[in-house]
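Visitor: My questions will all concern the structure given below.
The values are calculated or read from the model by the stated rules, or taken from the named source; none is laboratory data. Predicted, not measured: the structure shown is a model, and the values here were computed from it. Counting neighbours? That spans all protein chains shown, and the Cβs are built from the backbone with ideal geometry, glycine included.
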There are 2 protein chains.
Amino acid sequence: MKNYHVAIVGATGAVGAELLRVLERRSFPVASLRALSSARSAGKSVLFRGESIKVEELDENSFAKIDIAFFSAGGDVSRKFVPIARNAGAISIDNTSAFRIEPDVPLVIPEINGEDVKQHRGVIANPNCTTAVALMALYPLHRAFGVKRVFAASYQAVSGSGQRAIDELREQVAASAQDRQSTPQVYPHQIAFNVLPHVDTFLETGYTKEEMKFQNEGRKIMHLPEFRASITCVRVPVYRAHSVAVSAEFEREVSVEQAHEVLAKAPGLELVDQPNKSRYPMPLTVAGKDNCEVGRVRIDCAFDNGLSFWVSGDQLLKGAALNAVQIAELL
Amino acid sequence: MKNYHVAIVGATGAVGAELLRVLERRSFPVASLRALSSARSAGKSVLFRGESIKVEELDENSFAKIDIAFFSAGGDVSRKFVPIARNAGAISIDNTSAFRIEPDVPLVIPEINGEDVKQHRGVIANPNCTTAVALMALYPLHRAFGVKRVFAASYQAVSGSGQRAIDELREQVAASAQDRQSTPQVYPHQIAFNVLPHVDTFLETGYTKEEMKFQNEGRKIMHLPEFRASITCVRVPVYRAHSVAVSAEFEREVSVEQAHEVLAKAPGLELVDQPNKSRYPMPLTVAGKDNCEVGRVRIDCAFDNGLSFWVSGDQLLKGAALNAVQIAELL
């Protein structure tokens, strides 16, 4: 079995930290690991398999002899350095949105379209975290009933905006307990004890970029060019794990019983649906888990062939680090 | 101008406290005020117009000489004591769900169906808080475009569950800062740094009672028996003010420009829709305000004639106390 020389770009970020843990936990065959970051974090160190690894500043020579490079340091860094990594002979697995919609870049959730990895030309994109979590439940239902469109709303954790946002929520909660002001830095408004219908930047249409990813990436991942998705993406004061309320319309008649059967068998997903025992997916219970959870499955009362359901998933894992390592495993 | 003898059932609760403030603030013509509660809170006192009023235990004689009785002490209390109040000659304005769907009980949002008050037979029902907040924006759009159905998801504050839930969130946040456990009492799970897709009790269908109120009460308030609404109701760690993400399908063609025009003129509503300046409705900014706020208005990308929007409103005011006093004013 071949061992791989691996680089992690953005090694000190929230996703970078998870990547190190997932590589270790899944015993990914790492021959060597290079931790890369911006100048600001270079010189720090990260732990991998009990060894301290010094973080190096990312530059044009960072990818010499690297086989696989994981990118999670923002779209601009990916746009600049993914081509450099490719020229150096590395395959890039990119967690940003930089290349996701490029026609010759596979956008992959291994449980859904793992086959697409084969068409890569040096870059494979990792999907948006909210989209990934929602599709883990939507895709098996699509296979069974044929999805036409969805209406959704998200409940997104602050860790989706990185370590600084986690610190910001913590600081705002402390400030509130001490009755003092705390000026938001990461978000435009206080996130503690508030919700913000604002994730990513706004487009001319009034949607955010984040909101359009569900439809655009959903079409590409499910190979469904007619798929329509309307979502409102909302940041909530939760540290970790995203949730999505979904109403989906299908081609064929649906039943809760059949849906349960399909969802219980779906890979990477757990059915948690005993509402009378107060058992349903929640961010607090799914955080730190590889599998996403689905529950609250019911016949939708505003569609003729529709199901409503609720999915929660650790967006740093399935929405980012875990999915990226699963892609590397497919290679 | 006549002055009224007023009773408040549930005077020490979260809504009761707001009722006292709203009656005072709107200079409602109160001749006398009787504060009523369960045995547990009787003997406490509440402030009204600078006067301390002793809280009396609710019993069969509580409504002697009362003209208007506001009920917000749970459905069971209303079911038992509203008939008693009626026999004593009082008109009841009921904030619980006990009588909302009864055919001979008007269910009223004054800005929408104030006329319905005239048909009362001693009881007028105040709508569900989430429904009220959402309809403040949906109804004017319905008048303009003809609503057919909506998909929605709510972000509901803990004050919707009363004072104990407010205390519970505060205690859980403190416990989390001190790294100690705090056992939930009001909710089945921790609400701090979590979201719960569980408001009110579950029905056989998998919906909660709270979720079905949107369709059932929406039909009655808007006089639209064919209206369909699919909603997921979710409790979030926010102290005050509910928000709702709505996608609505209309009979006629819609435009954001026309929608803005309609919403800007709607009574009891403010249009806050400058996303590029990070201006949109939020619980933190709408809390304590009489008006609901609507923003994030956009052409829905999964309906042919659809609009998506985001409403926030103080559910203790428009969703409860304010609306109840507005109903009393109509009388």
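Visitor: Being buried (at least 22 other Cβ atoms within 10 Å of the Cβ) and not aliphatic (A, V, I, L, M) is the filter here; which residues of region B:101-128 pass it?
Guide: Correct list: B:PRO106, B:ASN126, B:PRO127, B:ASN128.
Visitor: What pairs come out if I take residues in region A:25-53 that are hydroxyl-bearing (Ser, Thr, Tyr) and pair them with residues that are surrounded by fewer than 11 Cβ atoms within 10 Å (Cβ to Cβ) whose C-beta lies under 8 Å away, six or more apart or interchain?
Guide: Pairs that qualify, where the first residue is hydroxyl-bearing (Ser, Thr, Tyr) and the partner is surrounded by fewer than 11 Cβ atoms within 10 Å (Cβ to Cβ), are A:SER45/A:SER52.
Visitor: Restricting the search to region B:7-17, which residues are crowded, with 24+ Cβ neighbours inside 10 Å and in contact with a Leu (Cβ under 8 Å, 6 or more places away or on another chain)?
Guide: Once the filter is applied, which keeps residues that are crowded, with 24+ Cβ neighbours inside 10 Å and in contact with a Leu (Cβ under 8 Å, 6 or more places away or on another chain), region B:7-17 yields B:ALA7, B:ILE8, B:VAL9, B:GLY10, B:ALA11, B:VAL15.
So that you can scan it fast, the table gives a plain yes or no per residue for (1) in contact with an Asp or Glu (Cβ under 7 Å, 6 or more places away or on another chain); (2) of a type in the set (A, V, I, L, M); (3) assigned by TED's automatic domain parsing to the domain that holds B:LYS209:
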site: B:GLY43; (1), (2), (3): no, no, no
site: B:ARG49; (1), (2), (3): yes, no, no
site: B:VAL55; (1), (2), (3): no, yes, no
site: B:PHE63; (1), (2), (3): no, no, no
site: B:ILE68; (1), (2), (3): no, yes, no
site: B:GLY74; (1), (2), (3): no, no, no
site: B:GLY89; (1), (2), (3): no, no, no
site: B:ARG100; (1), (2), (3): yes, no, no
site: B:VAL105; (1), (2), (3): no, yes, no
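Visitor: Any chance you could count how many residues in region A:284-330 are farther than 24 Å from A:ALA259 by Cβ, among the charged types (D, E, K, R) and not in a helix (DSSP H, G or I)?
Guide: 0
Visitor: Also, I was wondering about something else. Just the residues that are under 17 Å from the mean Cα position of the chain (by Cα) and without any contact (Cβ under 8 Å) to a residue 40 or more places away in the chain, please, taken from region B:148-197.
Guide: B:ALA165
Visitor: Scan the helices (runs of 4 or more DSSP H) fully inside region A:161-266 and keep the ones with 2 or more residues being more than 13 Å from chain B (Cβ to nearest Cβ) and at pLDDT below 95.
Guide: Hits in region A:161-266: A:163-177.
Visitor: Being touching a helix residue (DSSP H, G or I) at 6+ places or on another chain (Cβ under 9 Å), polar (S, T, N, Q) and farther than 21 Å from A:THR208 by Cα, is that true of even one residue in region B:297-310?
Guide: no
Visitor: Here's another thing I want to ask about it. Within region B:69-89, track down each residue that is surrounded by fewer than 23 Cβ atoms within 10 Å (Cβ to Cβ), touching a strand residue (DSSP E or B) at 6+ places or on another chain (Cβ under 7 Å) and touching a residue at least 60 places away in the same chain (Cβ under 8 Å).
Guide: B:VAL77 - this is the single residue of region B:69-89 that is surrounded by fewer than 23 Cβ atoms within 10 Å (Cβ to Cβ), touching a strand residue (DSSP E or B) at 6+ places or on another chain (Cβ under 7 Å) and touching a residue at least 60 places away in the same chain (Cβ under 8 Å).
Visitor: Let me ask something else. Let me spell it out: the conditions are (1) crowded, with 18+ Cβ neighbours inside 10 Å; (2) over 22 Å from B:VAL195 (Cβ atoms); (3) out of contact with any helix residue (DSSP H, G or I) (no Cβ under 7 Å at 6 or more places or on another chain), and B:GLN274 meets all of them except one. Which number is the exception?
Guide: (1)
Visitor: A follow-up question, please. Kindly check whether there is at least one residue in region B:91-113 that is free of Cβ contacts under 8 Å to residues at least 40 places away in the same chain, more than 14 Å from chain A (Cβ to nearest Cβ) and polar (S, T, N, Q).
Guide: yes
Visitor: Further question on the same structure: Could you say whether any residue in region B:35-49 is aromatic (Phe, Trp, Tyr) and over 19 Å from B:VAL123 (Cβ atoms)?
Guide: Within region B:35-49, one or more residues are aromatic (Phe, Trp, Tyr) and over 19 Å from B:VAL123 (Cβ atoms).
Visitor: Of everything in region B:31-52, what is crowded, with 18+ Cβ neighbours inside 10 Å and modelled with pLDDT of 95 or more? Give them in sequence order.
Guide: B:LEU33, B:ARG34, B:ALA35, B:LEU36, B:SER37, B:VAL46, B:PHE48 - these are the residues of region B:31-52 that are crowded, with 18+ Cβ neighbours inside 10 Å and modelled with pLDDT of 95 or more.
Residue-wise test of (1) β-branched (Val, Ile, Thr); (2) touching an Asp or Glu at 6+ places or on another chain (Cβ under 8 Å).
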residue	(1), (2)
A:VAL272	yes, yes
A:PRO281	no, yes
A:ASP290	no, yes
A:LEU317	no, yes
A:ILE327	yes, no
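Visitor: Same structure again: Within region B:235-252, count every residue that is over 14 Å from B:ALA144 (Cβ atoms) and crowded, with 24+ Cβ neighbours inside 10 Å.
Guide: Summing the residues that are over 14 Å from B:ALA144 (Cβ atoms) and crowded, with 24+ Cβ neighbours inside 10 Å in region B:235-252 gives 11.
Visitor: What residue, of A:ALA35, A:ALA7, A:ALA11, is within 23 Å of the chain's Cα centre (by Cα), closer than 18 Å to A:ALA85 by Cα and assigned to a loop (DSSP other than H, G, I, E, B)?
Guide: Checking each option against the conditions leaves just A:ALA11.
Visitor: Check region B:206-214 and report whether any residue there is among the aliphatic types (A, V, I, L, M) and over 16 Å from the mean Cα position of the chain (by Cα).
Guide: no
Visitor: Among the residues of region A:274-283, what is the count of those that are more than 8 Å from chain B (Cβ to nearest Cβ) and not in a strand (DSSP E or B)?
Guide: Total meeting the criteria: 1.
Visitor: Oh, and also: Between A:PHE193, A:PHE145, which is among the hydrophobic types (A, V, I, L, M, F, W, C), surrounded by 19 or more Cβ atoms within 10 Å (Cβ to Cβ) and closer than 25 Å to B:ILE166 by Cα?
Guide: After ruling out the rest, the residue left standing is A:PHE193.
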